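Below is one structure, written out as C-alpha cells; comments come after it.
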Protein chains: 2
Amino acid sequence: MKLANALTYSHTLLAATVERGDYVIDATVGNGHDTEFLSQLVGPKGHVLGFDVQVAAINSATTRLKDDGITNTELILAGHENVTQYLPANQTVGGAIFNLGYLPGADKDVITQGETTLAAINGMLPHLKKNGLIVLVVYYGHPGGQDEVNQLLNFAQALPQKAYHVLQYQFINQVNQPPYIIAIQKR
Amino acid sequence: MKLANALTYSHTLLAATVERGDYVIDATVGNGHDTEFLSQLVGPKGHVLGFDVQVAAINSATTRLKDDGITNTELILAGHENVTQYLPANQTVGGAIFNLGYLPGADKDVITQGETTLAAINGMLPHLKKNGLIVLVVYYGHPGGQDEVNQLLNFAQALPQKAYHVLQYQFINQVNQPPYIIAIQKR
C-alpha cells in the first residue's frame, strides 16, 4: 500500500477518532467535501458546524449537501475565528478540520491567516472532548503561507503535553511543498 | 482512539505495506519483538533476516523465536551495515525496520551510529520492491543521538522524490524527546 498523502491521512485520523453522534466542525468548508465526510462520520444524531468566508463556497457546499440529502450540517458565512459565537457554550466537540491556504479553484487572494486560524483553534480547544482531534491540513506554497505555518508550529509546539498530543505528519523529500498535517488531540 | 505512538505506528505502517511471502529485514533485533512481528506478517513462505551486534540480543531473540515455534527467521550476529553480505544479490525486499538508539535494558554504551545506519539503508534501498518500506524508529535522547538524527534527516530529505516517498511522523510538543518515525517507501 502506498503511504497516505496528507489529505487522505486527515480523513484516516478523523475516522479513527470521531464518534457517531459527535458535534464536529469544518473550519474551512470550501467545496463541502470535508463537510460531507464529517456528516457521514457523525451520522444523523451528530452535527457538523461549518465556516467559510466566501459566499461561493457556502453556496456550492449548500447545493452539494442538499443534493446528497444531508441534513445534519449548519453552514455559516463567516470566518472560523468567530467559532465561539456559534458553538453552544457547553457543547463538547469530537473533532475539527482546517484546510489552511486557499480554496482550490477560487480566488487565490483569499487565504487563511495565522492570527484568525489561531483564534479559531483557541476557541475550540476548551470544547474538545477526551481524544477529540483538531486536524490542520497545512498548504504553505503560496505567498504568506510560510508565515502562517511558523505561527502555527510555534503555537502547536508550545501546547502543554499533559493536556494535548500534537502530531506532525509530513513528507520531507518533496520540492513542491506538499501539504502536511498537524493534529492536536485532547488527552 | 488515541493517536498512535511511534512504536505502534511503525507496526501499522509495516502491516499496511509488507505482504505475505515477502523477504524482510529487522536491522536491530534487540529482544526480537519486531522480528516476531515481521515473521507473522510475512508468514511461513516469507523470510526475516535480522541483525544485532550484541550476543545477548541474538541469544534472547533466538530463545524467544524458538519458544514461539517460529522458523522463518535468520539472525545474524553482526552490524546491519553488513547487510549486503547476507542479502542475496537479486533478492527483493518488502520491508525493513530499524530501532535506532540503544537496546532497552542492555548496555547503554552500545548505540547505533549514523554512519553504519546509513550504510545499512544504502545497502537495502536497491533491493526494495515497489511500495516496499524502510521504517526508522528514531530514539535520540541519549548522548550522540542528535548527531545520528541529523545525519539521517539530511540523507532522507535528499532522497529523490521520483524514486522515494519519505515520511516523518513525530509528536512535536513533548519535552522528553519521544521516538519518532522516518519511513522511506520505494515508488
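Things worth noting here:
- Once backbone amide H atoms are built at 1.01 Å from N, A:Val18 has no partners under 5 Å, excluding neighbours fewer than 5 places away on the same chain.
- Distances from A:Pro44 to itself in the other copies, using label points 7 Å out along the Cα-Cβ axis, amount to 4.9 nm in increasing order.
- Taking the Kirkwood radius as Rh and the Cα radius of gyration as Rg, the protein assembly as shown has a ratio of Rg/Rh equal to 1.03.
- Share antiparallel - DSSP beta bridges, chain A, percent rounded to 5: 40
- Amide N of the stretch A:146-184 lying under 16 Å from the label point, which is placed 7 angstrom from the Cα of A:Ala56 along Cα→Cβ: none
- Karplus (6.51, -1.76, 1.60) ³J(HN,Hα), θ = phi - 60°, over the stretch B:163-173, in Hz, Gly and Pro reported as x: 9, 9, 9, 10, 10, 10, 10, 8, 8, 10, 10
- Antiparallel bridge percentage (DSSP; both residues within the protein assembly as shown; nearest 5): 45
- Partner chain coverage, peptide A:169-182 - average Cβ within 10 angstrom: 4
- For B:Gly132, residues with placed amide H under 5 Å, excluding near neighbours: B:Lys186
- Neighbourhood charge, 15 Å Cβ-Cβ cut-off, centred on B:Val48 and excluding it, Lys, Arg +1 and Asp, Glu -1: -4
- B:Val55 label point (Cα plus 7 Å toward Cβ) to equivalent points in the other copies: 8.1 nm, shortest first.
- The alpha-carbon of B:Lys162 sits under 18 angstrom from the alpha-carbons of these lysines, leaving out residues fewer than 8 places away in its chain: A:Lys2, B:Lys129, B:Lys130, B:Lys186.
- Cβ-vector label at 7 Å, B:His33, separations to other copies in nm: 3.8
- Other protein chain C-beta atoms within 10 Å of residue C-beta, averaged over A:3-14: 2.
- For a modelled paramagnetic label at B:Val175, 7 Å from Cα along Cα-to-Cβ, the residues of the stretch A:143-185 in reach, with backbone nitrogen under 14 Å, are A:158-164.
- ³J(HN,Hα), Karplus 6.51/-1.76/1.60, whole Hz, each residue of the stretch B:73-78, x for Gly, Pro: 10, 9, 9, 10, 7, 6
- Backbone geometry of the stretch A:143-156 corresponds, through the Karplus equation with coefficients 6.51, -1.76 and 1.60 at θ = phi - 60°, to 3J(HN,Hα) couplings of x, x, x, 5, 4, 4, 4, 5, 4, 5, 5, 4, 5, 5 Hz, x marking Gly and Pro.
- Judged by the ratio a/c of the largest to the smallest principal axis of the C-alpha gyration tensor, chain A counts as rounded, that ratio being less than 1.5.
Read the figures in this text as sums done on the coordinates, not as results from a lab. The shown structure was predicted, so the numbers you read here are calculated from the model rather than taken from an experiment. With ideal geometry, Cβ positions are generated from the backbone for all residues, glycine too; neighbour counts draw on all protein chains shown.
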